[in-house]
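Colleague: Sharing a structure with you now.
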Amino acid sequence: MERSLVVGLVPGGSTKQATITITWTLTAQEAPAPSRADPWAEDPAVQYNVERINEYRARAHLPPLLYDAQIAAFARTGSARLSRDHVPHANFVENGRGAPGFSSRLGENQGDPNGVPAMSTDPVENWRLQIDFMLKLMMDEGRGGGHHDNIMNSRFRRVGVGLVHVGGRLYMTNDFSD
């Protein structure tokens, strides 16, 4: 914001003063939409997680998020740390800004800091139930809930998923960027 004092002459030779305030608004340039998603991680649960997120987005007529391998590597680190220290978002807060893969806008959703317990003895059914359970809790927050709002943020275009299984518990991190 800039203020300037302007002095002008008026008819008859007198002067008149006015203060003019100029305000600038800087807007970030929109990041270009990525042309394609990265190849899926070897863990099929990652693809399942992204597909479930995109189903929620589709119901709201939002474009699907594209899988990003660089962001996924960061998300895996976040889940591994969460499995050890149980402190939500610690890796994201300390290392998110400027991390590979992230652009100007970024957000993170993490599941239960103590991990989601096993829900089935069948391994595939188990991780599907665990992912569905956590995503439903996040979406049930509704508008204004941070997890819900990250999933439904129309400015986010990419997602990285980090899933870590420890002792039957699933630790989940979904990181988002434009």
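The values are calculated or read from the model by the stated rules, or taken from the named source; none is laboratory data. Because the structure is a prediction, the values reported are computed rather than measured. All Cβ positions, glycine included, derive from the backbone under ideal geometry; neighbour counts span all protein chains shown. Heavy atoms of the whole protein, side chains included, go into the accessibility calculation; ligands, DNA and RNA do not. Shrake-Rupley method; radii C 1.70, N 1.55, O 1.52, S 1.80 Å.
Colleague: Going 7 Å from the Cα of Asp38 along its beta-carbon direction, which residues of segment 65-108 have the amide nitrogen within less than 14 Å of the resulting point?
Modeller: 66-78, 99-103
Colleague: At what distance in nm do the modelled label points of Leu137 and Glu94 sit from each other, each positioned 7 Å from its Cα along Cα→Cβ?
Modeller: Once both label points are built, they end up 2.3 nm from each other.
Colleague: Please report the orientation-averaged projected area of segment 85-175, defined via the convex hull of its C-alpha atoms, in nm².
Modeller: Approximately 6.4 nm², given one-decimal rounding.
Colleague: Further question on the same structure: So how do Arg57, Arg169 rank on accessible area, 1.4 Å probe, biggest first, that is with the largest at the start?
Modeller: Arg169, Arg57
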